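Each remark here refers to the structure printed beneath this line.
The values are calculated or read from the model by the stated rules, or taken from the named source; none is laboratory data. Bear in mind that the values here come from a model prediction, so they are computed numbers and not experimental data. Positions of Cβ are generated from backbone atoms using ideal geometry, with glycine treated the same way; all protein chains shown enter the neighbour counts. We work out accessible area using only protein heavy atoms, side chains counted, and drop any ligands, DNA or RNA first. Shrake-Rupley method; radii C 1.70, N 1.55, O 1.52, S 1.80 Å.
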Amino acid sequence: MLKVIINEQQAFEVETKNETTTLNGQPFAWDLVALDNGHFHIIKDDRSFNAEVVEANHADKSFKVKVNETIYNVAAKDRFDLLLEQMGINSSTKNKVNNLKAPMPGLIWDIKVQVGDVVKAGDVVLVLVAMKMENALKSSGDGVVKSIKVNQGDSVDKNQVLIEFE
(Lines give C-alpha, C1' and ligand atoms only; values in the text may rest on other atoms or scores of the structure.)
Protein backbone atom coordinates (compact mmCIF):
# COMPACT_ATOMS: atom_id res chain seq x y z
CA MET A 1 0.00 0.00 0.00
CA LEU A 2 1.12 3.54 -0.77
CA LYS A 3 -0.02 6.88 0.49
CA VAL A 4 0.43 9.43 -2.29
CA ILE A 5 0.31 13.17 -1.60
CA ILE A 6 -0.10 15.56 -4.52
CA ASN A 7 1.01 19.19 -4.20
CA GLU A 8 1.09 18.77 -0.39
CA GLN A 9 -2.73 18.95 -0.40
CA GLN A 10 -4.47 15.87 -1.73
CA ALA A 11 -3.73 12.48 -0.20
CA PHE A 12 -4.67 9.14 -1.71
CA GLU A 13 -4.23 5.54 -0.60
CA VAL A 14 -3.21 3.34 -3.51
CA GLU A 15 -3.08 -0.43 -3.31
CA THR A 16 -2.46 -3.08 -5.94
CA LYS A 17 -3.39 -6.72 -5.36
CA ASN A 18 -3.66 -9.41 -8.00
CA GLU A 19 -3.29 -6.82 -10.79
CA THR A 20 -6.24 -4.83 -9.37
CA THR A 21 -5.62 -1.25 -8.28
CA THR A 22 -7.72 0.52 -5.67
CA LEU A 23 -7.74 4.24 -4.90
CA ASN A 24 -9.00 5.09 -1.39
CA GLY A 25 -10.52 1.61 -1.22
CA GLN A 26 -12.43 1.93 -4.52
CA PRO A 27 -11.53 0.06 -7.74
CA PHE A 28 -9.49 2.23 -10.08
CA ALA A 29 -9.59 1.20 -13.74
CA TRP A 30 -7.04 2.73 -16.08
CA ASP A 31 -4.70 1.81 -18.86
CA LEU A 32 -1.06 2.76 -18.29
CA VAL A 33 1.65 2.21 -20.88
CA ALA A 34 5.28 2.99 -20.09
CA LEU A 35 6.90 4.52 -23.16
CA ASP A 36 10.56 5.48 -22.65
CA ASN A 37 12.73 7.48 -20.25
CA GLY A 38 10.02 8.31 -17.72
CA HIS A 39 7.26 8.96 -20.28
CA PHE A 40 3.86 7.30 -19.97
CA HIS A 41 0.54 7.22 -21.79
CA ILE A 42 -2.57 6.87 -19.64
CA ILE A 43 -6.21 6.31 -20.56
CA LYS A 44 -8.76 6.90 -17.79
CA ASP A 45 -12.53 7.32 -18.31
CA ASP A 46 -12.07 7.54 -22.11
CA ARG A 47 -9.61 10.44 -21.70
CA SER A 48 -6.01 10.36 -22.83
CA PHE A 49 -3.13 11.71 -20.71
CA ASN A 50 0.56 12.10 -21.42
CA ALA A 51 2.70 11.86 -18.30
CA GLU A 52 6.40 12.45 -17.74
CA VAL A 53 8.52 12.10 -14.62
CA VAL A 54 10.43 15.39 -14.70
CA GLU A 55 12.40 14.93 -11.46
CA ALA A 56 12.77 11.93 -9.17
CA ASN A 57 14.30 11.80 -5.70
CA HIS A 58 14.10 8.12 -4.86
CA ALA A 59 15.71 8.59 -1.44
CA ASP A 60 12.80 10.62 -0.06
CA LYS A 61 10.26 9.28 -2.57
CA SER A 62 9.36 12.66 -4.06
CA PHE A 63 8.73 13.35 -7.72
CA LYS A 64 7.76 16.09 -10.13
CA VAL A 65 5.34 14.70 -12.68
CA LYS A 66 4.06 16.55 -15.74
CA VAL A 67 0.59 15.47 -16.89
CA ASN A 68 -0.70 17.17 -20.05
CA GLU A 69 1.58 20.21 -19.49
CA THR A 70 0.68 20.63 -15.78
CA ILE A 71 3.39 19.86 -13.22
CA TYR A 72 2.48 18.12 -9.96
CA ASN A 73 4.67 17.57 -6.89
CA VAL A 74 4.11 14.00 -5.75
CA ALA A 75 5.32 12.44 -2.50
CA ALA A 76 4.87 8.77 -1.74
CA LYS A 77 4.97 6.85 1.53
CA ASP A 78 5.16 3.09 1.51
CA ARG A 79 3.94 0.82 4.31
CA PHE A 80 7.26 1.15 6.16
CA ASP A 81 7.12 4.97 6.08
CA LEU A 82 3.53 4.85 7.34
CA LEU A 83 4.49 2.44 10.14
CA LEU A 84 7.36 4.71 11.25
CA GLU A 85 4.97 7.68 11.14
CA GLN A 86 2.49 5.80 13.36
CA MET A 87 5.31 5.12 15.82
CA GLY A 88 6.13 8.82 15.97
CA ILE A 89 9.34 8.49 13.98
CA ASN A 90 9.17 10.76 10.96
CA SER A 91 11.56 12.03 8.32
CA SER A 92 12.04 15.41 10.02
CA THR A 93 14.09 13.72 12.74
CA LYS A 94 16.42 11.98 10.33
CA ASN A 95 17.50 15.24 8.65
CA LYS A 96 18.37 17.01 11.89
CA VAL A 97 22.09 17.47 12.52
CA ASN A 98 23.64 17.60 16.01
CA ASN A 99 27.22 18.63 15.31
CA LEU A 100 29.88 18.86 12.64
CA LYS A 101 33.21 17.14 13.23
CA ALA A 102 36.47 17.54 11.35
CA PRO A 103 36.80 14.72 8.81
CA MET A 104 40.61 15.09 8.89
CA PRO A 105 43.26 17.21 10.62
CA GLY A 106 43.67 20.65 9.11
CA LEU A 107 43.44 24.41 9.43
CA ILE A 108 40.18 26.37 9.67
CA TRP A 109 40.38 28.67 6.66
CA ASP A 110 36.92 30.27 6.73
CA ILE A 111 33.74 30.05 8.81
CA LYS A 112 30.62 30.68 6.73
CA VAL A 113 28.01 30.73 9.54
CA GLN A 114 27.34 32.50 12.82
CA VAL A 115 25.59 31.42 16.01
CA GLY A 116 21.83 31.48 15.39
CA ASP A 117 22.04 30.88 11.63
CA VAL A 118 19.59 28.37 10.17
CA VAL A 119 21.27 25.81 7.90
CA LYS A 120 19.85 23.26 5.53
CA ALA A 121 21.39 19.96 4.49
CA GLY A 122 24.18 20.66 1.99
CA ASP A 123 24.90 24.25 3.08
CA VAL A 124 28.62 25.04 3.31
CA VAL A 125 29.35 25.96 6.95
CA LEU A 126 33.13 26.23 6.95
CA VAL A 127 36.28 25.69 4.90
CA LEU A 128 39.03 23.40 6.18
CA VAL A 129 42.46 23.37 4.55
CA ALA A 130 44.18 19.98 4.61
CA MET A 131 47.11 18.80 2.48
CA LYS A 132 47.14 22.19 0.67
CA MET A 133 43.51 21.71 -0.46
CA GLU A 134 40.45 23.70 0.57
CA ASN A 135 37.63 21.42 1.70
CA ALA A 136 34.15 22.93 1.94
CA LEU A 137 32.44 21.21 4.87
CA LYS A 138 28.70 21.00 4.47
CA SER A 139 25.90 20.46 6.93
CA SER A 140 24.64 16.88 6.82
CA GLY A 141 21.15 17.97 7.88
CA ASP A 142 18.92 20.85 8.90
CA GLY A 143 19.54 22.80 12.08
CA VAL A 144 20.35 26.06 13.85
CA VAL A 145 23.94 26.92 14.76
CA LYS A 146 24.16 26.63 18.56
CA SER A 147 27.88 27.25 19.00
CA ILE A 148 31.07 27.47 16.97
CA LYS A 149 33.89 25.63 18.73
CA VAL A 150 36.75 26.92 16.53
CA ASN A 151 38.09 30.19 15.16
CA GLN A 152 39.51 31.08 11.78
CA GLY A 153 43.18 30.03 11.73
CA ASP A 154 42.80 27.25 14.33
CA SER A 155 44.44 23.87 13.75
CA VAL A 156 42.03 20.98 14.35
CA ASP A 157 42.33 17.24 14.81
CA LYS A 158 40.29 14.55 13.10
CA ASN A 159 36.83 14.09 14.73
CA GLN A 160 37.13 17.35 16.69
CA VAL A 161 33.72 19.03 17.09
CA LEU A 162 33.74 22.22 15.01
CA ILE A 163 30.12 23.39 15.16
CA GLU A 164 27.20 22.36 17.38
CA PHE A 165 23.61 22.59 16.17
CA GLU A 166 20.32 22.85 18.07
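Observations on the model:
- Which listed residue, of ALA29, ALA51, is aliphatic (A, V, I, L, M), over 20 Å from PHE80 (Cα atoms), more than 21 Å from the chain's Cα centre (by Cα) and in a loop (DSSP other than H, G, I, E, B): ALA29
- Entry remark, the range 28-47: residues being open to solvent by 50 Å² or more (accessible area, probe 1.4 Å), touching a strand residue (DSSP E or B) at 6+ places or on another chain (Cβ under 7 Å) and not acidic (Asp, Glu) number 10 in total.
- Among residues of the range 98-112 that are at negative phi and basic (Lys, Arg), those with a beta-carbon under 7 Å from a residue that is surrounded by 13 or more Cβ atoms within 10 Å (Cβ to Cβ) and part of a loop (DSSP other than H, G, I, E, B) at least six positions away or on a different chain give the pairs LYS101/GLN160.
- For the range 72-79, the criterion of being closer than 30 Å to ILE163 by Cβ and of a type in the set (Lys, Arg) is met by none of the residues.
- Count of the range 150-166 residues, restricted to those that are surrounded by fewer than 17 Cβ atoms within 10 Å (Cβ to Cβ) and either out of contact with any strand residue (DSSP E or B) (no Cβ under 9 Å at 6 or more places or on another chain) or more than 17 Å from VAL118 (Cα to Cα) (or both), is 10.
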